[in-house]
Amino acid sequence: MQNQRFPNKIKVTTFPQKFEGFSEKQAKFYRKYATVAFKTLTNPLFQRFINWMILKESINEHTVTTIQIRALPFRKQNGNGLAGKFNKKGEISIYPKRLEFCRKLTREIEKENVYCYIKVRARATLIHELLHTKYSRDENKVRQLTRKYMSIFTCHGNLQKRNTKRVLQILFSF
Ligand SMILES: [Zn+2]
């Protein structure tokens, strides 16, 4: 699962992590979660979309070196979880939602939709962190644009069935 690249040379890797102190069930869950996130972010259609967004927003692609899919959740000091992080070395880290949360979600919605949630969350986190590389601490602007680009991608996914070629033309002609 290593060395998948966006055409602009951003490398996506799964970050090797030890599951010490975790049960076999937890380890299995987080391994699977990382696999789903990895497949989602390296999906060719999504990669094209990200490259289009990078160009449209004039994001300097050289500020990002790697996108690391972390297997284990990140817990801030206040106890809240963190979806993603961008550091000075140009690394974007993508963290999973906690097992307990996903379990609760499975009880409320269908399992298929939990997968969908994981995928959408991974995409939105990457979009959000990429926008942060340009808009830095302007959280409102980043959130607003994340919503905008997520709806473009989602819309594109739905329309795809109807008229793939035309949508691709509209989306990726620049
Ligand atoms: Zn943010």
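Every number in this text was worked out from the coordinates using simple rules, so none of it is lab data. What you see is a predicted model; the values in this text were computed from it and never measured.
Numbers below:
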quantity: Alpha-carbon Rg/Rh ratio, for segment 4-172, with Rh computed the Kirkwood way; calculated: 0.97
quantity: Gain upon complete extension [K18, F101; 0.36 nm per residue less C-alpha separation]; calculated: 27.8 nm
